[in-house]
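To start, the structure under review is shown below, and the notes come after it.
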Amino acid sequence: MDRKNAFYAQSGGVTAVINASACGVIETARRHADRIGTVYAGRHGIIGALTEDLIDTAAEAPEAIAALRSTPSGACTVGVRRSRRIQSRHRLRAIR
């Protein structure tokens with residue numbers, strides 16, 4: 001089975017919930033490494049998708065990812081319509 005990369009971005013909401021959700025997504029993807037390749041996260045949520053400012057979560061230690069469960073930080077909210085430009089960027093990184 002071909003492994004597919006994943007993209008995660010979340011904007012708006014309670015920061016602690018956003019961080020815990022990110023932790024869950026990344027840890028779950030790591031447990032399924034046979035099916036999921038690299039998980040990219042958008043820095044500052046959807047802004048990261050728009051500006052191509054992505055974090056390769058594979059570079060982060062498991063302890064750093066686990067710390068997201070209890071570490072608050074900033075968040076932003078932006079309304080975005082899907083565009084061909086964003087979709088083509090994701091195709092270049094083989095994100096599904």
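Residue-wise test of (1) exposed (fewer than 15 other Cβ atoms within 10 Å of the Cβ); (2) modelled with pLDDT of 90 or more; (3) basic (Lys, Arg); (4) within 18 Å of residue 3 (Cα to Cα).
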position	(1), (2), (3), (4)
17	yes, no, no, no
28	yes, yes, no, yes
37	no, yes, no, yes
42	no, yes, no, no
57	no, yes, no, yes
62	yes, yes, no, no
66	yes, yes, no, no
70	yes, no, no, no
74	yes, no, no, no
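Can you run down the residue pairs with Cβ atoms below 7 Å, 6 or more apart or on separate chains, where the first is in segment 1-17 and of a type in the set (Val, Ile, Thr) and the partner is surrounded by 14 or more Cβ atoms within 10 Å (Cβ to Cβ)?
15/75
With respect to residue 48, determine if the residue is part of a loop (DSSP other than H, G, I, E, B) and farther than 19 Å from residue 63 by Cβ. It would help to see each step written out before you state the result.
Numbers: part of a loop (DSSP other than H, G, I, E, B): no; farther than 19 Å from residue 63 by Cβ: yes.
Judged against the criteria, residue 48 is not a match.
How many residues does segment 18-45 contain that are part of a helix (DSSP H, G or I), closer than 18 Å to residue 71 by Cα and touching a residue at least 12 places away in the same chain (Cβ under 8 Å)? Please lay out each step first, then the result.
Just the residues of segment 18-45 that are part of a helix (DSSP H, G or I), to begin with: 18-31.
Now narrow it down to the ones that are closer than 18 Å to residue 71 by Cα: 18-27.
Pick out the ones that are also touching a residue at least 12 places away in the same chain (Cβ under 8 Å) and you get 18-20, 22-23, 25-27.
Of the residues in that region, 8 qualify.
The values are calculated or read from the model by the stated rules, or taken from the named source; none is laboratory data. Everything quoted here is computed from the prediction, not taken from an experiment. Note that each Cβ is placed from the backbone with ideal geometry, even for glycine, and that neighbours are counted across all protein chains shown.
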